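Below is one structure, written out as structure tokens; the observations come after it.
The values are calculated or read from the model by the stated rules, or taken from the named source; none is laboratory data. Bear in mind that the values here come from a model prediction, so they are computed numbers and not experimental data. Heads up, the Cβs are rebuilt from the backbone with ideal geometry, glycines too, and the neighbour counts pull from every protein chain shown. The protein model used for the area step is the full one, side chains on, heavy atoms only, and it has no ligands, DNA or RNA in it. Shrake-Rupley method; radii C 1.70, N 1.55, O 1.52, S 1.80 Å.
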There are 2 protein chains.
Amino acid sequence: MSDLLERLRGRGWRLTSQRRVVAEVLDGEHVHLTADEVHARAVSVLPEISRATVYNTLGEMVSLGEVMEVATDGRAKRYDPNARHAHQHLICSGCGSIRDVHPQGDLIAALPAGERFGFVISGAEVTYRGLCPDCS
Amino acid sequence: MSDLLERLRGRGWRLTSQRRVVAEVLDGEHVHLTADEVHARAVSVLPEISRATVYNTLGEMVSLGEVMEVATDGRAKRYDPNARHAHQHLICSGCGSIRDVHPQGDLIAALPAGERFGFVISGAEVTYRGLCPDCS
DNA sequence: ATCCTAGCTTGGACTTTGTCTAAGTCAACA
DNA sequence: TGTTGACTTAGACAAAGTCCAAGCTAGGAT
Ligand SMILES: [Mn+2]
Ligand SMILES: [Mn+2]
Ligand SMILES: [Zn+2]
Ligand SMILES: [Zn+2]
């Protein structure tokens, strides 16, 4: 069983074939899939799985902190199983491919007190944009 | 006439009442409105303006670099007339309010060569999250 | 001043992405 | 093996945005 499923079971989850398949789709490679892409891959293994269940399962994994939601454009959100290692994203403006990146320095510290407007800052996300080798 | 309209006319735009109203909605205060919010304000001045025209006009302004699209969550994009001064955004996780912020340092330089995967980097956007004084 | 026409606007159909619900199913525990 | 509450399903619904054919008009030409 995958690490992800193991952790989910440890949190009291009922282990259904649907959840197993969604976890397997996310667990394999290092991916940034939309909900419908996850559904398409899940269907090829478990043809009767519904879109609603994929959305539910992804949402639950996000709530549990096991999966990260990545919303970079105005299109579909992407689901990232690499939630336990803080990282940022680099996106090709040509083909949309996404890479994980790890910028140096402390993003939050880069925001001066005079620019915080009394907010309690909890996090920061960066999206780098550019052209990948194939597109440039 | 607003600065924004002046610049648009200089680019050969036909100056219709619809475009005038959309420009006025964005030009007044320093705002981050959704397309439907722009439409609602526009309708109060020009009741027959259509949603399609608001979307078209906003899209054209973005193409011309006069307005910036801000897509921070999976919800509606926001349109930002402050496109000519580079800045980032700080968003309240409680009420969704948005402030412009100016972090120190060079974001792009913070990405080491070994983390660029051969991409030609063209830009970077940061979204800071936190709780505003009212929500914390 | 009036005409012409390419460019603009419109309402509504359509698409994409996501949420919700009522009815049926089943994993896990006794 | 039976019970039951959690889970899944199909499909209706909603929000955000795109597209189109038909009609209108800003602004240059006459
Ligand atoms: Mn990632
Ligand atoms: Mn802004
Ligand atoms: Zn590319
Ligand atoms: Zn707030």
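Within chain A, which cysteines find no other Cys whose Cβ is under 4.7 angstrom from their own?
If one checks each Cβ against the other cysteines of chain A, A:Cys95, A:Cys135 turn up with nothing under 4.7 Å.
Rounded to the nearest 20 Debye, what is the dipole magnitude of chain A about its Cα centre when Lys and Arg each give +1 and Asp and Glu each give -1 at the C-beta? Write down the numbers at each step before the final one.
Working: 15 positive and 18 negative charges, 66 e Å.
That gives chain A a dipole magnitude of about 320 debye.
Ranked by accessible surface with a 1.4 Å probe, highest first, in what order do A:Ile108, A:Ile91 come? Before the final figure, lay out the partial values.
Working: A:Ile108 50, A:Ile91 15 Å².
Output order, biggest surface exposure first: A:Ile108, A:Ile91.
So what is the accessible area of the stretch A:88-130 per residue, in Å², with the probe set to 1.4 Å?
Ligands and nucleic acids excluded, the figure is 45 Å² per residue.
Rg and Dmax in Å for the stretch B:1-121, alpha carbons only: what are they?
16.8, 55
Using Cα-only point scatterers and the Debye equation, what is log10 of I(q)/I(0) for the protein assembly as shown at each q in 0.12 Å⁻¹, rounded to two decimals?
Result of the Debye calculation: -0.90.
Taking the full set of protein chains and a 1.4 angstrom probe, give the accessible area of A:His39 in square angstrom, rounded to the nearest 10.
Estimated to the nearest 10 Å², A:His39 gives 40 Å².
Which chain B residue hugs the B-A rotation axis most tightly by its Cβ, and what is that distance in angstrom, to the nearest whole number?
Minimum Cβ distance to the axis, with residue: B:Val126, 3.
Antiparallel DSSP bridges in the protein assembly as shown: what percent, to the nearest 5?
Details: 29 of 37 bridges.
Roughly 80 percent of the DSSP beta bridges within the protein assembly as shown come out antiparallel.
Test of understanding: in a Gaussian network model of chain A with alpha carbons linked when under 10 Å, which of A:Leu90, A:Leu58, A:Leu107 would top the mean-square fluctuation ranking?
A:Leu107
Only loop residues by DSSP count here, and only those with at most 12 other Cβ atoms within 10 Å; note down the GluC sites (Glu not before Pro) in the stretch A:30-93 that meet that. Each step should come with its number before you reach the end.
Values: sites: A:Glu37, A:Glu48, A:Glu60, A:Glu66, A:Glu69; in loops: A:Glu48, A:Glu66.
Here the GluC sites (Glu not before Pro) that fit, given the DSSP loop and packing criteria, are A:Glu48.
Regarding the stretch B:88-130, what are the three Cα extents along the principal axes, ordered largest first, in Å?
39, 18, 15
Which value, in Å² rounded to 10, gives the accessible area of A:Phe117 with a 1.4 Å probe and all protein chains present?
That residue has around 80 Å² of solvent-accessible surface.
Using the Cα centre of the stretch B:27-136 as origin and beta-carbon charges of +1 (Lys, Arg) and -1 (Asp, Glu), tell me which of B:Ser44, B:Val101, B:Ser136 is placed farthest towards the positive end of the dipole.
My answer, from the dipole projection, is B:Ser136.
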